[in-house]
Amino acid sequence: MSETVADTATPPRATARPRRGLRRQWPWLTVLAVALVIPWLFYDWTTGRHSGFIVAMLSQIGMMVIFALSYNMLMGQAGLLSFGHAVLFGLGAYCTAHVVTFSKAGGFPLPLELTPLAGGLGGLLSAIALGYFATKQRATAFAMITLGIGELITACALMFQTFFGGEGGVSTNRMTGHSLFGLGYSGSIQVYYLIVAWTAIAIALMLLLTRTPLGRMANACRDNFERAQFVGYDPRMVRFLQFALSGFFAGIAGALYTLTYEIVTFDTVAASMSANALLMTYIGGVGVFAGPVVGAVLIVLLQSWVSLLSNSWLVYAGVLFILMVTFAPGGLAGLVLMHAPIRRAGRLRRLAGPYLRLAVPSLLVVLGFVLAVELCSFLTIGAAQGKSLTVHGLTIDPHHATPWVVAALLLGPGGLWLRRAVRRFGAAWAAVSDEVKTAGGRP
Amino acid sequence: MTAPALRLTAVQKSFGPTAVIMGVSLDVAAGTRHAIIGPNGAGKTTLFNLISGRFPLTAGQIALHGRRIDGLAPHQITRLGLSRSFQVTSIFSRMSVLENIRCGLLWSRGYRYSFWHLLARERALNEAAERLLADVNLEARRDVPAGLLSYAEQRALEIGVTIAGGADTILLDEPTAGMSRSEADHAVALIRRITAGKTLVMVEHDMSVVFDLADVVTVLVYGQVIASGPPAEIRANRAVQHAYLGTPAETGVA
Amino acid sequence: MEVVLVSLLNGLVYGMLLFMLASGLTLIFSMMGVLNFAHASMYMLGAYFAYSVSRLIGFWPALVIAPLLCGALGAVIEMYALRRVHKNGHIAELLFTVGLAFIIEKAVQMAWGLLPVPYRVPPVLDRALFHIYGSNFHAYRAFMLLVSVAMFVAIWLLLTRTRIGLVIQAALTHPEMVSALGHNVPRVFTIVFAGGSLLAGLAGVIGGNYLVTEPSMAATMGPIVFVVVVFGGLGSLAGCFIASLIMGLVQTFAVVVDVSFADLLARLGITVTSSTPLAEVLTIPLPRVGALLPYLMLILVLLVKPRGLMGTRDT
């Protein structure tokens, strides 16, 4: 290259100076408004009752959003893959259960609104104790240590009665009679609004953390830990502090769990809960702050809705996960953000046609896959449970050949069609991207 | 006489049975520009790795301003005022150019592991980062992710991050490697400007850069120092010519 | 004394089974840098395939067919999926194998049900081979030992006597160099991955009826194999062998040694009552903690000596 650094053409400032203050956070504020209003959309005005199902699902979304965001503090921001994040969540939950019981029994009169802090403290202390060891290593070794810790704590939760309550877990009653606002928290809707408040606080704090020296150095250590050393930072210390802080927020999520369900068992620390965190965060997108939020909402929706219809929601989540890992490591949020430069150049509409042509074969393949999975599932598991596969009142017999043929047709030829459509889409995408690059700078 | 900025005493390094550095002793006086040259495989980058704490020594001592630094971790050595750049560009590829430089400034400005300072509000820090950005002529690329820069721009950023912490002893490993003539000239001017008053040690293959910048030249061949002195002396040294530079007829120098 | 000898034999058998599993994983991990979470899933598939094939044809054909199926599956996965993920980095590869393990477990549940399947030892081997101190040494255990030793010899011969084996040995310790020397590294990777999966499948065939064949067997066996691989050290099959035997013996002896911390403390004159702090932890007997030992060892090894016993490289 013959041009020097100083001769490089100046690209126009891509973004104007961001507007200061609360106004520029309008996406988050919109989400907050939606969260506040949405239970009332499902309110049964005749009986004067909230939909239990909806409130339960929304509450779960709230705590999982905090859980997934705290996991991304490790994964996306610090480059640390943890297989034991549920430990911090669950230990926060257990601590909260004991604190609430203690408070109710006449001990320290902690207002219920502040109990998530107890969970956060529990998570923080656990993260300090466990993280001291885990963060001695990085990358794969770190991941394996967290795997070991996760399994150890799960086994402890099953074995020991005093703190963990053994297999039966620890129960508590959130109606302690202590409240800052004089609320009783007998109904789930009040707990939901408490969750919304704490979710907002946690998101704000975690977002601000990304803009601090520690947050930035965590990114730096993720990108190039040697360079971080050579600007004077000890990567181990950065890892340790980031781990501790992520434990604080995971503990808050755990506390909200305790307040919602009033019982904590070993599955709050188990591998399945850690896998949940991984799933939500990765599918949502690790490279974007809001990615885990998207992932948490999606996974909880999948879990709540699809599990009503099918036993196999985990299969779908797993396949989605693998597809993301292979083809879209940036997750859903990453995919959306890829469109940003195209949108800025005003060429988004050019992709509408290609997307439509992609939609039909995709739908066929998805349908075929779901059919195949459900058929298999009902052949073995469903049969053992005495259930049968019904769609809109139409019963499908997995022992018959027809449904299998249909599934094969959808997957086989449908798959080939999809492959061609993907290739065409790829070409269209490349064409639009090239246009955007060459036109770059023009308004 | 004040202690030299950097003193290597009988430094040895072996990787398993292979000896790479075999008894190197070297003094770098404070405020001088010191070049280390030698054929490929001589151990120049290994020497840098030993000084900066990336590899442990097999034997010998290294002292920075009279204080022993062999055995210390890289981040500890950096905090003592010794900074290095890498032969293969080593920056934070997913962070913007400004963020890269800002990261280089953080520790020296006392922020440590703070998670209670909002970086956007730290005026002095940001101003210093912008100044440094201007020093390395990368203002136009301020918000670009570092991984997307051109090669020469990345080298400039590398140098920027290296000096950001205000280290007074700077090690540059082949800073002009892979650059065209004009790019290299710009880089040399940059290096001369920003290392004014500091101690500079650099590994270089480009002889014109070496003879232009350096006050002292050390020649390293097969892990041993065969000559050390002012550039003119080195150029005339028979042993150096034989091992590395070539005879006057080859270099075209009288 | 008899307990020691019997446990020694059992530990040896179990250790060789672990070696069959861990050797494949060590090869894959050392060469490709991928910690294959789905390795234990191949073990599970080997057992399930053997179960189905032995119900249709018989155990002895299953002994050949099932591992081959696993090897073929491994080759397909490596060629069409893992290779594509490779460019996204080690963590992405690891996550891919995690997702794969997940899906395989679900697929097994859907295909064979949630409960353990009655995959039995073939009747011809289902008897005592000899008596030792009053207990029987089961013939099938001898068979397992035979198969594992045969496999060990086969691997050794392959690695030291064939050209591809030499390349694999080199790539174990210096993968980048092997690539730089011009060997068809992608093909070697496929062979190693398929070979490792085949070994895991074979371990499943002979281990599935010895232990238990159920959908969670991969999740149970997985961490134990990880410990062995990490403990033995990267790049060293010999280390893997030693670690497997140690692990086998530790796990076997842990089940028979019925002591707890409280017992040890009692020897020192300290009594532990129900009101002593952490009494629960101190009175837990070792057999109950047995399942935890692999995880404890994993953490300790990674903290104290991350290179393992005879490792030549870092993770």
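Take B:39-51, A:289-301 and order them by the average number of nearby Cβ atoms within 10 Å per residue, most first; the result is A:289-301, B:39-51. Packing order of peptides A:206-219, A:79-92, highest average first: A:79-92, A:206-219 (average count of other Cβ atoms within 10 Å over each peptide's residues).
Other chains' Cβ within 10 Å of C:87-96 residues: what's the mean?
5
May I ask you to derive the FRET efficiency for residue C:279 and residue A:336 from their Cβ-Cβ distance with R0 = 51 Å, giving the value to the nearest 0.05? The formula returns an efficiency of 0.40 here. Taking a point 7 Å from the Cα of residue B:40 along the Cα-to-Cβ direction, the residues of segment B:213-228 with backbone N closer than 18 Å to it are B:220-223. Using the Cβ-Cβ distance between residue C:55 and residue C:265 with R0 set to 35 Å, the FRET efficiency works out to roughly 0.10.
Assign unit charges at the C-beta atoms only (+1 for Lys and Arg, -1 for Asp and Glu), then state the dipole size of the protein assembly as shown relative to its Cα centre in Debye, rounded to the nearest 20.
On the way: 71 positive and 48 negative charges, 344 e Å.
Dipole size: approximately 1660 debye.
Which residues in segment A:230-268 place their backbone N less than 15 Å from a point set 7 Å from the Cα of residue A:132 along the Cα-to-Cβ direction? Under cut-off, by backbone N: A:237, A:240-241, A:244. For the peptide B:72-80, the mean number of other protein chain Cβ atoms found within 10 angstrom of a residue's Cβ is 4. Evaluating kT/(6 pi eta Rh) at 20 °C and 1.002 mPa s, with the Kirkwood radius of segment B:6-251 over Cα pairs in the Stokes-Einstein relation, gives 114 µm² s⁻¹. Charge dipole of segment A:25-312 (Cα centre as origin; +1 on each Lys and Arg Cβ, -1 on each Asp and Glu Cβ, all else neutral): 520 debye, rounded to the nearest 20. Take the Cα of residue C:157, step 7 Å toward its Cβ, do the same at residue A:406, and the gap between the two points is 5.4 nm.
Could you tell me what % of all Cα pairs in the protein assembly as shown have separations over 57 Å? That tail contains 19 percent of the Cα-Cα pairs.
At R0 = 41 Å, how high is the FRET efficiency between residue C:305 and residue C:4 if r is their beta carbon distance? Nearest 0.05 is fine. Present the calculation step by step, with values, prior to reporting the outcome.
Details: r = 28 Å, r/R0 = 0.69.
Calculated transfer efficiency: 0.90.
Distance between the pseudo-spin-label points of residue A:43 and residue B:185 (7 Å out from Cα toward the beta carbon): 7.6 nm.
Once you charge only the Cβ atoms, +1 for Lys and Arg and -1 for Asp and Glu, what is the size of the charge dipole of segment C:2-304 about its Cα centre, to the nearest 20 debye?
Taking the Cα centre of segment C:2-304 as origin, the dipole is about 660 debye.
By the helix-only formula, in which each DSSP H run with n ≥ 4 contributes -39500 (n - 2.57) and the sum is divided by residues, chain C has a 222 nm mean residue ellipticity of -23000 deg cm²/dmol.
Rounded to the nearest whole Hz, the Karplus-based 3J(HN,Hα) values (6.51 cos²θ - 1.76 cosθ + 1.60, θ = phi - 60°) of segment A:228-237 follow the sequence 4, 4, 7, 10, x, 9, 8, x, 4, 5, with x at glycine and proline. With a simple spin-label model that places each label point 7 Å from the Cα along the Cα-to-Cβ direction, the separation between residue B:9 and residue C:187 comes to 5.8 nm.
Can you pull the percent of Cα pairs in segment A:25-312 with separation above 28 Å?
Above the 28 Å cut-off, segment A:25-312 has 36 percent of its Cα pairs.
Short-range pairs are left out: with C-alpha atoms under 8 Å and at least six residues apart, the relative contact order of chain C is 32 percent. Inter-chain neighbour count for B:138-147: the average number of beta-carbon atoms from partner chains within 10 Å of each residue's beta-carbon is 3. Counting only residues at least eight positions apart within a chain, or on another chain, the aspartates and glutamates with an alpha carbon under 13 Å from that of residue B:198 are B:168, B:215.
Here's the picture: charge each Lys and Arg Cβ at +1 and each Asp and Glu Cβ at -1 in segment C:2-304, and of C:217, C:35, C:245 the one pushed furthest to the positive end of that dipole is C:35.
Values in this text are rule-based calculations from the coordinates and carry no lab data. Keep in mind it's a predicted model, so treat the numbers as computed, not measured. Quick reminder, even Gly has a Cβ in these numbers, built from the backbone with ideal geometry, and neighbours come from all protein chains shown.
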